[in-house]
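The values are calculated or read from the model by the stated rules, or taken from the named source; none is laboratory data. The structure displayed is predicted, hence computed values, not measured ones. Here the Cβ positions follow ideal geometry from the backbone for every residue, glycine too, while neighbour counts run over all protein chains shown.
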Amino acid sequence: MGQARTLYNEGKLLFHNKSYEEASALFEAAIEIQEVTLGKYHQDTIKSYWRCGRASCMAGKNNAALRAFQRAARMSASTFDERLNRQLWEEIKACWTENHGAADNSINQLGVIFQLEQQGDAATKKKSFSKAAEFYQKAMAIQAGLVGDDSLDGADLRCKLSCCYLKLSKLEEADAVLNVAHECYMKHFGEQHPATLGAVASLKTVRDRGLQDGMRKQKSWFSNSSLSLGNSRHSTAQA
């Protein structure tokens, strides 16, 4: 944690000295430690993502900026109150507009992703899993076009989508999206991080369910075949 604080403070100093690219690299290094030791919802992790987004934006690293801003805003929504979240969102939009102009629609697209995810979460709570899956799929489509297929927030969305697929008994689809999420967590965090382990556990659940379903189908086929064979013998004896 001491190393993370040092990286964060050095990043702030570089940012104030307008060395934005170097500052973003230090914030990213701090985040790597904080995500593992503090978790994504900790206020220090959120602050590092926010500062990383600003530094990346000022340095012209648009993809990195959008990913950092999205992570900060998504995690803040579960950590801070509405007033702070609204303030954070306004600061994100102001920073982006200052560097890209009001005509750039990227931040608005992030807002659409948030709305779709929230709609998916609400549908999941109501156990409307088919509808929830539709919202998550739409969110992921925008996500992939905006920041690529390997973002952490995209992996989080895939985990939510996989739960819907599992509830709908769409096991192949659940396995496919979980595999992508697992690869992303492995790339960013390694195999021992809770997010990676959670994806592994979910994959095991999906595959165990697939094996159970396969065994039930095989048993059902055997029982039906035996019944047909018995009927055939009975008919032959009567003839």
Inset, instruction - Go through segment 74-106 and give me each residue that's in a loop (DSSP other than H, G, I, E, B), under 22 Å from the mean Cα position of the chain (by Cα) and hydrophobic (A, V, I, L, M, F, W, C). - result: PHE80
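Pick out the one residue from ALA59, ALA123, ALA23, ALA68 that is touching an Asp or Glu at 6+ places or on another chain (Cβ under 9 Å), among the hydrophobic types (A, V, I, L, M, F, W, C) and in the same structural domain as MET186 (by TED's automatic domain parsing).
Exactly one of ALA59, ALA123, ALA23, ALA68 is touching an Asp or Glu at 6+ places or on another chain (Cβ under 9 Å), among the hydrophobic types (A, V, I, L, M, F, W, C) and in the same structural domain as MET186 (by TED's automatic domain parsing), namely ALA123.
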Legend entry - Candidate set from segment 177-197 (those that are modelled with pLDDT under 95 and among the small types (Gly, Ala, Ser)); member that is farthest from ILE113 (Cα to Cα): GLY190
Inset, instruction - Go through segment 1-36 and give me each residue that's within 23 Å of MET75 (Cα to Cα) and exposed (fewer than 13 other Cβ atoms within 10 Å of the Cβ). - result: MET1, GLY2, GLN3, ASN9
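Take the residues in segment 82-128 that are aromatic (Phe, Trp, Tyr) and crowded, with 19+ Cβ neighbours inside 10 Å; name whichever of them is farthest from ASP156 (Cα to Cα). Full working, then the answer.
Pass one, segment 82-128, residues aromatic (Phe, Trp, Tyr): 89, 96, 114.
If we keep only those that are crowded, with 19+ Cβ neighbours inside 10 Å too, we end up with 89, 96.
Numbers: TRP89: 20, TRP96: 24 Å.
Step by step, filter segment 82-128, then rank; the result is TRP96.
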Legend entry - Matching residues in segment 172-197 - criterion: being closer than 15 Å to GLY39 by Cβ and under 12 Å from the mean Cα position of the chain (by Cα): TYR185, ALA195, THR196
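Every residue in segment 122-141 that is in a helix (DSSP H, G or I) and over 13 Å from the mean Cα position of the chain (by Cα), please.
Start the filter on segment 122-141 by keeping residues that are in a helix (DSSP H, G or I), which leaves 122-125, 129-141.
Within segment 122-141, ALA122, ALA123, THR124, LYS125, PHE129, SER130, LYS131, ALA132, ALA133, GLU134, PHE135, LYS138 qualify.
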Inset, instruction - Can you confirm whether segment 16-23 contains a residue that is without any contact (Cβ under 8 Å) to a residue 24 or more places away in the chain and in a helix (DSSP H, G or I)? - result: yes
